[in-house]
Amino acid sequence: MFHELILLRHAKSAWPVGVRDSQRPLSARGVRSAIRFGEALASRGTKPQTVVISPAERTRATWELVAEHGRIDPGLAVVDPGIYAATWWDVLDVVRELPSDCERALIVGHNPAMEDLAGQLAGPDSEKWAVKDLRTKFPTCAAAYLSSERDWDRWGGQCADLTQLWKPR
């Protein structure tokens, strides 16, 4: 079975004084970027079957906007506390636990884990421009599209093709 993974870094957040990191809201730019990503998914007809998100306010808000503007059921999301402050290896463990019958999954998390995992998974047949872009900058609300014929539980180093890197600007 063919599997597609979308790794989405949360949209740009605000830094209000006195607000804990986990409770930071999206900035106005972040809201616009999340809406644009949702619209991009809708225009391509791309809908994940499984969504895993960090419990942070900014990842939850990013997902809500993406779901609304991507015409995706917001109830698909499962909150995984392990994605907050995770390493790329922690997020890979989440990938390996995805349901075997899931063809497309979306994970909404934080950097550096999202960028690092995309770089670890991107194999030699990846789009060269996407790999170069990934190495240049993985800004807030960037999304890496990876695909592989391997079962989720067998995903690991350079097992997937980085087919696209979406950036909000």
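The values are calculated or read from the model by the stated rules, or taken from the named source; none is laboratory data. Keep in mind that this is a model prediction, so the values were computed, not measured. Ideal geometry is used to build each Cβ from the backbone, glycine not excepted, and the neighbour counts take in all protein chains shown. Ligands, DNA and RNA are excluded from the accessible area calculation, which covers all protein heavy atoms including side chains. Shrake-Rupley method; radii C 1.70, N 1.55, O 1.52, S 1.80 Å.
A few comments on the model shown:
- Filtered residue count, segment 1-17, keeping only those that are in contact with a helix residue (DSSP H, G or I) (Cβ under 7 Å, 6 or more places away or on another chain) and charged (D, E, K, R): 2
- One residue alone among A34, A86, A77 is farther than 24 Å from W15 by Cα and in contact with a helix residue (DSSP H, G or I) (Cβ under 9 Å, 6 or more places away or on another chain), and that residue is A77.
- Filter result (under 19 Å from A77 (Cα atoms) and outside any helix (DSSP H, G or I)) within segment 16-44: P25, L26
- Segment 124-152 residues that are within 17 Å of E4 (Cα to Cα) and among the acidic types (D, E), paired with ones that are assigned to a loop (DSSP other than H, G, I, E, B) and open to solvent by 100 Å² or more (accessible area, probe 1.4 Å) (beta carbon under 9 Å, 6 or more apart): E149/M1; E149/F2; D151/M1
- When segment 12-37 is filtered for residues that are in contact with a Lys or Arg (Cβ under 8 Å, 6 or more places away or on another chain) and free of Cβ contacts under 8 Å to residues at least 40 places away in the same chain, the ones remaining, listed by number, are A14, W15, P16, R24, P25, L26, S27, R29.
- Residues within segment 93-105 that are open to solvent by 10 Å² or more (accessible area, probe 1.4 Å) and in a strand (DSSP E or B), tallied: 1
- Some residue of segment 45-62 being free of Cβ contacts under 8 Å to residues at least 24 places away in the same chain and not in a loop (DSSP other than H, G, I, E, B): yes
- Index of the failed condition, R9 passing every other in (1) open to solvent by less than 70 Å² (accessible area, probe 1.4 Å); (2) under 19 Å from D73 (Cα atoms); (3) touching a residue at least 60 places away in the same chain (Cβ under 8 Å); (4) out of contact with any strand residue (DSSP E or B) (no Cβ under 6 Å at 6 or more places or on another chain): (2)
- Segment 13-56: number of residues that are touching a strand residue (DSSP E or B) at 6+ places or on another chain (Cβ under 8 Å) and either open to solvent by 70 Å² or more (accessible area, probe 1.4 Å) or polar (S, T, N, Q) (or both): 7
- Single match in V78, V66, V108 (criterion: within 22 Å of G45 (Cα to Cα), open to solvent by 60 Å² or more (accessible area, probe 1.4 Å), not in a loop (DSSP other than H, G, I, E, B) and not acidic (D, E)): V78
- Boolean, I72 is more than 14 Å from the chain's Cα centre (by Cα), buried (at least 18 other Cβ atoms within 10 Å of the Cβ) and assigned to a helix (DSSP H, G or I): no
- Residues located in segment 114-153, provided they are under 20 Å from S33 (Cα atoms), out of contact with any strand residue (DSSP E or B) (no Cβ under 9 Å at 6 or more places or on another chain) and either open to solvent by less than 30 Å² (accessible area, probe 1.4 Å) or assigned to a helix (DSSP H, G or I) (or both): T136
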